[in-house]
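Heads up: the structure comes next, in structure tokens.
Throughout, read-outs are computed from the coordinates displayed, never taken from laboratory work. If you're wondering where the values come from, they're calculated on a predicted model, not measured in any experiment. A quick note on method: Cβ atoms are made from the backbone with ideal geometry, for glycine too, and the neighbour counts reach across all protein chains shown.
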Amino acid sequence: MQDLVIRNATLWDGTGSPARPGHTIHLHGDTVAWIGPESSPHALSLPRGAGTMTIDAAGRWLLPGLIDLHVHLTFDPRDPDFLRVATLTPVAEAAFRGAHHARLMLEAGFTGVRDMGAFGDANVAVRRAIDAGWITGPRLATAGVFVTVRGGHADLALKQDVAVAQGIAVTGIDAVRDAVRSRAQRGADWIKVLATAGVMTGGGAPVGACLWEDDELAAAVSTATRLGRKVAAHAHGADGIRAAAEAGVATIEHVTMADTASVEAMSRNRTVLVPTFSAAQSVVREARAGRLSPSSTAFALEMGPRHVASFRMAREAGVRVGFGTDIGVPGTVFGSNGGEFALMVDAGMTPEEALLSATRYAAEILGWSRAGTLAHGQWADAILVDGDPLADVSCLADLSRIHLVILGGRPVADRRPESTAA
Ligand SMILES: [Zn+2]
């Protein structure tokens, strides 16, 4: 098993401790074997020589590998035609695309990713390929195929017959339970429900309306819980946010048009908010450029300005935030995930809060107890950054400053100038 020793790093370990200069980390295989100050006697006894790679961080910042809780890695963000992506792309092609996108996000410092929905379970295929070692990608949790109700988001976008044929759209408690069981059977780690309409829905329902009955949402959560899965709900409007929170979903995505009652329901139910500012920004940009359908354009322009206000309201109500971008939707770019940090800070978070949402808190949401922090026994997933992200989070969006990405103790992206000889 390989040893990797990184010396002279400024350590921000995600545990809540302040950043500390002059630290050394010893990674043995996929585990953090030791971490501590350079001056500690143990630092002198670390392995060196053959079988050990030693890196001088020269004071650069060492962080836990980052986690994005909301992407669609099998989508083509250059193609705004949801219908074509869903119906005319072979699932195998979507899986190849997902493998390519997974690698791009890993190289950007994201060693963990939650995929929030695909067609034909292409995302599950990508996760299995990574787990089997056929391809290199971040640790992946995936939701399989979305679950929506008849006439809901995705169903409207796909035309009802297509969505029903693909098993996406359902009606009634029994059908919801059956959909959740079949997602789990086919390998989904999460259940993704579309509680309200969406920007890319393409018309038919108001973007904020809740399209599920309360008992249908409750059925999704109870069946998922029995199967050891959590539920994530897409919700823009207040009714859908409140209904999903009361039903007990683990995370609500977007939360663009909240009101007091809906954020209080999230707070009371300890529902995590995943804001996805990156996608909202890019969808508004696409809308202004005239690249979306007229109804999607209207939706995007309606929800855009209300997003930050909803986010602030939720934070004031004590709602916890998980980092997520929704990269994969039109106009987004895989590997630009780190751009979300600056958008979160613009919306009122401190850089440290934003970083925690992408490390320790994200790992807690995923139930990955060995991810999100750097400490003895944790997974050896880390990044070395040129710059102080607590002073300027935008350094995490600049790939030239993501100096080194380590996944499971192995360098998977190495931009150190000295590494070109190696
Ligand atoms: Zn999404």
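Listed here are the residues, each with its yes/no results for (1) touching a strand residue (DSSP E or B) at 6+ places or on another chain (Cβ under 9 Å); (2) crowded, with 24+ Cβ neighbours inside 10 Å; (3) free of Cβ contacts under 8 Å to residues at least 24 places away in the same chain; (4) farther than 30 Å from Phe119 by Cβ.
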{"site": "Thr10", "(1), (2), (3), (4)": "yes, no, no, yes"}
{"site": "Pro21", "(1), (2), (3), (4)": "yes, no, no, yes"}
{"site": "Leu27", "(1), (2), (3), (4)": "yes, yes, no, yes"}
{"site": "Thr31", "(1), (2), (3), (4)": "yes, no, no, yes"}
{"site": "Ser40", "(1), (2), (3), (4)": "yes, no, yes, yes"}
{"site": "Gly59", "(1), (2), (3), (4)": "yes, no, no, yes"}
{"site": "His72", "(1), (2), (3), (4)": "yes, yes, no, no"}
{"site": "Thr89", "(1), (2), (3), (4)": "no, no, no, no"}
When you look at Glu286, is it within 14 Å of the ligand (Cβ to nearest atom), acidic (Asp, Glu) and within 22 Å of Gly304 (Cα to Cα), yes or no? no
Name the strands (runs of 3 or more DSSP E) wholly within the range 320-422 that hold at least 2 residues that are out of contact with any Asp or Glu (no Cβ under 8 Å at 6 or more places or on another chain)? 382-385, 410-414
